[in-house]
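Asker: I'd like to ask you about the structure that follows.
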Amino acid sequence: MRYLTSFNTDLLEIIECDVLIVGSGIAGLFTALNIDDSLKVCLISKTDLKTNNSYLAQGGIAVTFNKKDFQGHIDDTLKAGAFYNDLTAVRILVEEGRKNVEKLIEYGVDFDKIDGEISFTREGGHLERRIIHKKDYTGKEIIEKLIQVVEQRDNIHCYEDTFLVDVLTCDNSVDGAIAVINDKECLIKTNHAVLATGGVGRLFLNSTNSSISTGDGIAAAYRAGAVIEDMEFVQFHPTPFHSNGEAFLISEAVRGEGGILRNDSGEAFMGKYHSLKDLAPRDIVSRSILKEQQLQGNKNIYLDVTHFEEGYFEKRFPSIFSYCISQNVDPRKEWIPVNPSAHYLMGGIKTDLFGRTNIEGLYSCGEAARTGVQGANRLASNSLSEGLVFGNRVANVINESKKNDGNYVSVINEESSELVTEYKKDIVILKTIMDETANILRTRKKLSSAKDRIRTLEKKYEDVYSYKKEFLEFKNMIIVASLIIDMALKRKKSLGSHYLENDDE
Ligand code: SIN
C-alpha cells in the first residue's frame with residue numbers, strides 16, 4: 001500500500017514551507033529551533049505540542065561534561081546495546097552532547113544544581129554519575145521551555161491536531177506531504193520533511209508512552225520507500241506502576257539513588273542476575289523481574305525506597321511521590337509495586353549520521369530514527385541526548401541544502417465506511433497480539449502465529465479508507481506491528497532486547 005488515503009491535490013488546501021517537521025518532542029522542537037530563521041518551518045503535532053514521550057521523560061539526559069569520561073560513556077552505551085551499536089554514531093552522541101545541552105540552557109532550560117553546579121545522577125548500565133535532570137520531570141521542563149522559544153520564532157509555524165498521512169515523493173525525492181488538519185486534508189508543499197514522530201509503545205497494551213506513540217512516521221516512511229531497520233528491538237522499562245490500564249513510569253533514577261527491587265518475600269534478588277544488581281542494563285532488569293515473578297508464582301515485584309533519608313524521596317521525586325500517594329501507596333513506608341512495560345524502540349527509519357534517509361529530502365531523528373546509537377538496547381537517558389545531537393545535525397544539513405520544485409499527482413480511493421466501525425475492537429486485538437508475542441521473553445512459535453494474525457487484520461482493512469484520525473493511526477499500527485514481527489522472526493538468536501526463550505525452537 002503506497003498511500004493511506006485518497007487525495008486530489010487540485011482540490012486540497014495548500015500550505016507551503018521550506019521544512020516540514022513532524023513531531024513536537026525534543027527532536028522535533030530542537031531541529032526546528034536550529035533551522036536557519038530565513039527558512040519557513042511548519043511543525044505539525046498529532047494532538048497538542050506537549051503530548052509526546054519526551055514530555056514524560058523523568059530521569060534526564062545522559063551527557064558527559066568531562067572529556068575524561070567520554071570513553072566510559074561510549075563503553076556503557078555499547079555494553080547496554082549488546083555491541084550492536086554503530087560506534088561512530090555513539091562517539092558523536094557522546095562528543096556532541098555537551099554543546100547541545102549548553103544550547104538548551106541558553107533556551108532557558110533549568111537543571112538541578114548542588115552548590116551552583118549541575119548535579120548528576122546515575123541510572124541502569126551507567127558506571128558513572130552522568131545524568132542531568134530536573135527533579136523527576138526533566139522532559140516537562142525541557143519541552144515547556146522549548147515550546148516557549150519556538151512560539152517566539154516568526155519562521156516556525158506550529159499546527160496542532162494535525163495528522164501526517166503520507167510523505168509525497170517524486171524520483172526518490174521529497175516533494176510534499178498530505179496531512180489532515182482538524183479533519184480536513186491538505187497538501188504541504190516542501191522539499192524537506194523531518195520525521196521526529198517518536199516511538200511505538202502504544203502498539204502494546206501496557207506502555208509508558210504517550211497516547212500518540214503508534215509509529216505513524218515510521219509507517220509513512222515505509223510506504224514512501226524508506227529503509228526501516230531493527231524493529232525487533234523494543235525496550236521494556238522495568239519499573240512502571242500499573243493502574244487502571246495505564247503504566248506510570250517510576251524512573252530508573254530512583255534505583256540510581258539507592259532504590260532496591262524486592263520479590264514478594266522481601267529478597268533483594270537482582271544480585272542473582274547481574275553484578276550491577278539493581279543498576280544492570282534495562283533489558284536484563286526487565287527479564288530478571290519476569291523470571292522472579294515466574295519463580296514465585298506470579299506474585300508482585302516491588303521497589304523499596306523506605307530506607308531513604310527522611311524527606312529525600314518526596315523532594316527528589318515529587319511527581320512519582322504524588323502519583324504513588326494517589327494510588328494509596330506511601331513510598332516512605334511501603335514498597336512500590338512495579339511491572340515492566342513497553343517503553344522505547346531502538347530501531348526505526350534508517351538514517352546516516354546526519355539524519356538523512358535513502359530518500360532525498362527525507363530525514364528522521366529522535367526515537368523514530370535508527371541512527372545506530374542505541375544498538376539492541378538503549379542505555380538509560382541516552383534518548384533525550386540522541387534527540388538533541390541528531391536534531392541539531394539534521395538542521396545543519398537542511399540549512400546547507402538547496403530547494404527544488406514539486407510535481408503533484410492525485411490518488412483517488414473511494415472512501416468506504418464499511419468496517420470502519422469495527423476497528424476499535426481490532427485495535428485491542430492487535431495490542432493483545434503484540435503483548436503476547438513481541439514481549440520481553442519471546443518464542444519463534446508465538447512470533448509466527450502473530451505474523452498470521454496480523455496478516456489477517458491487514459487483509460481485512462486493505463481496501464478500507466477513512467479520514468478518521470484514529471482509523472488512520474490503526475492502519476499505521478498494523479504496518480508497524482508487522483515490521484516488528486517480521487524483523488523479530490528474521491533474527492534467530494537472542495540479542496539485547498530481542499530475547500528468545502529458546503533460541504533453537
Ligand atoms: C527513566 O527515568 O527511568 C526513563 C529514562 C529513560 O527512558 O532513559
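Only the coordinates and a few stated rules stand behind these numbers; no lab work does. Just so you know, these numbers come straight off a predicted model, no measurement behind them. All Cβ positions, even for glycine, are placed from backbone atoms using ideal geometry, and neighbour counts span all protein chains on display.
Asker: What residues from the range 1-29 fall in the zone where the backbone N is under 12 Å from a label point 7 Å along the Cα-to-C-beta line of LYS184?
Answerer: 12-15
Asker: In cubic angstrom, how much convex hull volume per residue do the alpha carbon atoms of the range 438-496 span? Working shown, then result.
Answerer: Details: hull volume 4.8 nm³, N = 59.
About 81 Å³ per residue, rounded to a whole number.
Asker: Here's a follow-up. Rounded to two decimals, what ratio of Rg to Rh does the range 189-234 give with C-alpha atoms and a Kirkwood Rh?
Answerer: Across the range 189-234, the Cα-based Rg/Rh ratio is 1.02.
Asker: Which of ASP171, ASP452, ASP86 comes first, and how do the rest follow, when ranked by fewest Cβ neighbours within 10 Å?
Answerer: Going from least to most buried by this count: ASP171, ASP452, ASP86.
Asker: Then there's this: Test of understanding: extend the Cα→C-beta vector of GLU13 to 7 Å, then name every residue of the range 148-192 with backbone N under 13 Å from that spot.
Answerer: 159-163, 179-188
Asker: Short version: ³J(HN,Hα) in whole Hz for each residue of the range 84-91, in order, from phi by Karplus 6.51 cos²θ - 1.76 cosθ + 1.60 (θ = phi - 60°), x for Gly and Pro, what are they?
Answerer: Per residue, the Karplus-derived 3J(HN,Hα) values read 9, 5, 8, 4, 5, 5, 5, 4 Hz.
Asker: Can you tell me the dipole magnitude for the chain around its Cα centre, using point charges on the Cβ only (Lys, Arg +1; Asp, Glu -1), in Debye to the nearest 20?
Answerer: 1300 debye
Asker: If I model a spin label as a point 7 Å beyond the Cα along the Cα-Cβ vector, how far apart are those points for LYS425 and THR456 in nm?
Answerer: Rounded to a tenth, the inter-label distance reads 1.3 nm.
Asker: Per DSSP helix of 4 or more residues, -39500 (n - 2.57); summed, then divided by the residues of the chain. What does that give at 222 nm, rounded to the nearest 500? Please list the in-between numbers first.
Answerer: Values: 14 runs with 174 residues, N = 505.
After summing the helix terms and dividing by residue count, I get -11000 deg cm²/dmol.
Asker: Taking the beta-carbon count within 10 Å as an exposure proxy, list PHE65, PHE471 from fewest neighbours to most.
Answerer: PHE65, PHE471
Asker: I want the local charge near ASP435. Using Cβ-Cβ distances under 12 Å, sum +1 for each Lys or Arg and -1 for each Asp or Glu among the other residues.
Answerer: Taking every other residue near ASP435 into account, the sum is +3.
Asker: Which of ASN66, CYS170, VAL150 sits closest to the plus end of the dipole of the range 49-197, meaning its Cα is farthest towards the positive end, when Lys and Arg get +1 and Asp and Glu get -1 on the C-beta?
Answerer: Of ASN66, CYS170, VAL150, it is ASN66.
Asker: Another question about this same structure. Output the relative contact order of the range 168-299, whole-number percent, from Cα pairs under 8 angstrom with separation of 6+ residues.
Answerer: Contact order relative to length: 14 percent.
Asker: Tell me the net charge near VAL167. Cut-off is 13 Å between Cβ atoms, VAL167 excluded, with +1 for each Lys or Arg and -1 for each Asp or Glu.
Answerer: Numbers: positive: ARG2, LYS189, ARG223; negative: ASP166, ASP175, ASP216, GLU360.
It works out to a net charge of -1.
Asker: Taking 7 Å along the Cα-to-C-beta vector as the label spot, tell me the ARG2-HIS307 distance in nanometres, rounded to one decimal.
Answerer: For the pair ARG2/HIS307, the computed spacing is 6.3 nm.
Asker: Enumerate cysteines in the chain without a disulfide-compatible partner, where compatibility requires another Cys Cβ under 4.7 angstrom.
Answerer: Here CYS158, CYS170, CYS186, CYS324, CYS365 come out as lacking a disulfide-compatible partner, given the Cβ-Cβ threshold of under 4.7 Å.
Asker: With N set to the number of residues, divide the alpha-carbon radius of gyration of the range 137-278 by 2.2 N^0.38 Å and report two decimals.
Answerer: Numbers: Rg = 20.5 Å, N = 142, 2.2 N^0.38 = 14.5 Å.
That ratio works out to 1.42.
Asker: Report the Cα centroid-to-centroid distance between the range 285-315 and the range 63-78 in angstrom, as an integer.
Answerer: Centre-to-centre (Cα) distance: 29 Å.
Asker: Shifting gears a bit: Provide the per-residue ³J(HN,Hα) series for the range 332-347, in order, calculated from phi with Karplus coefficients 6.51, -1.76, 1.60 and θ = phi - 60°, each as a whole number of Hz, with x at glycine and proline positions.
Answerer: 6, 10, 10, 6, 8, x, 10, 8, x, 8, 4, 9, 7, 9, 7, x
Asker: Please report the relative contact order for the range 116-162, taking Cα pairs under 8 Å with a sequence separation of at least 6, and give it as a percent rounded to a whole number.
Answerer: Details: 21 pairs, mean separation 9.7, N = 47.
In percent, rounded to a whole number, it is 21.
Asker: Compute the semi-axes of the equivalent ellipsoid of the chain, taking the square root of 5 times each eigenvalue of the Cα gyration tensor, and list them largest first in whole Å.
Answerer: 36, 27, 20
Asker: For the residue pair ASN66 and LYS445, what label-to-label distance in nm results when each label sits 7 Å from Cα along the Cα-to-beta-carbon direction?
Answerer: Spacing of the two 7 Å Cα→Cβ label points: 5.2 nm.
Asker: Here is a follow-up. Take the alpha carbon atoms of the range 132-158, find their center, do the same for the range 1-28, and report the distance between the two centers in whole angstrom.
Answerer: 23 Å
Asker: How do THR88, THR77 rank when sorted from fewest to most other Cβ atoms within 10 Å of their own Cβ?
Answerer: So the residues, fewest neighbours to most, are THR88, THR77.
Asker: With contacts defined as alpha carbon pairs under 8 Å and 6 or more residues apart, what's the relative contact order of the chain in percent?
Answerer: 23 percent
Asker: Work from the charge dipole of the chain (Cβ charges, +1 for Lys and Arg, -1 for Asp and Glu, about the Cα centre) and give the residue of GLY259, VAL389, SER364 farthest towards its positive end.
Answerer: Most positive-ward Cα: GLY259.
Asker: Right, something else. Can you work out the Karplus-derived ³J(HN,Hα) for every residue in the range 33-39? Use 6.51 cos²θ - 1.76 cosθ + 1.60 with θ = phi - 60°, whole Hz, and x for glycine or proline.
Answerer: Coupling constants for the range 33-39: 5, 9, 6, 3, 6, 7, 9 Hz.
Asker: Past 19 Å, Cα to Cα, is the threshold; run LYS299/LYS425; LYS451/LYS490; LYS350/LYS431; LYS291/LYS490; LYS424/LYS469; LYS140/LYS315 against it and keep the listed order.
Answerer: LYS299/LYS425; LYS350/LYS431; LYS291/LYS490
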